[in-house]
Amino acid sequence: QVQLLESGGGLVQPGGSLNLSCKYSGAINSINVMAWYRQAPGKERDLVAKIFDNGSTNYANSLKDRFTISRDNVKNTMYLHMTSLNAEDTALYYCYALTAWGQRFWGQGTQVTVSS
């Protein structure tokens, strides 16, 4: 089992920045891929960015210029640095982990609201 705990969400003004964190614990050595997803009200959950064991990353095309995913295996924490935020970035942001055995784990989510 892998446990995931997100933090860092909140209210931010348009054009602002925010850093999300995802603390992971449990069977962390089995994790192959970690990712951030987001779900806006009334919409499906979409991939924001993913990071692989070798450090390589993938981003949703529309976000790659503003968002940066990273991972600190010493602190067992994954991060999402978000800049130039706008109202369309308002969503519940979820941490995700995929293990070598195909098990998928989700965090509870952290709310990001972009509003003046």
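The values are calculated or read from the model by the stated rules, or taken from the named source; none is laboratory data. As the structure is a computational prediction, the values presented were derived from the model and not from experiment. Here the Cβ positions follow ideal geometry from the backbone for every residue, glycine too, while neighbour counts run over all protein chains shown. The accessibility values were calculated without ligands, DNA or RNA, using every heavy atom of the protein model including side chains. Shrake-Rupley method; radii C 1.70, N 1.55, O 1.52, S 1.80 Å.
Applying the condition of being modelled with pLDDT under 95, among the small types (Gly, Ala, Ser) and not in a strand (DSSP E or B) to the range 1-40 and asking which residue is least open to solvent (accessible area, probe 1.4 Å) yields 30.
In summary, residue 70 fulfils each of the numbered conditions (1) over 10 Å from residue 20 (Cα atoms); (2) surrounded by 16 or more Cβ atoms within 10 Å (Cβ to Cβ) with the single exception of condition (2). Do we have residue 58 as assigned to a helix (DSSP H, G or I), without any contact (Cβ under 8 Å) to a residue 12 or more places away in the chain and either hydrophobic (A, V, I, L, M, F, W, C) or open to solvent by 40 Å² or more (accessible area, probe 1.4 Å) (or both) here? Here the answer is no, as residue 58 does not meet what is asked.
Assessment of the range 41-50 against the conditions (in contact with a strand residue (DSSP E or B) (Cβ under 7 Å, 6 or more places away or on another chain), assigned to a loop (DSSP other than H, G, I, E, B) and surrounded by 14 or more Cβ atoms within 10 Å (Cβ to Cβ)) yields no matching residue.
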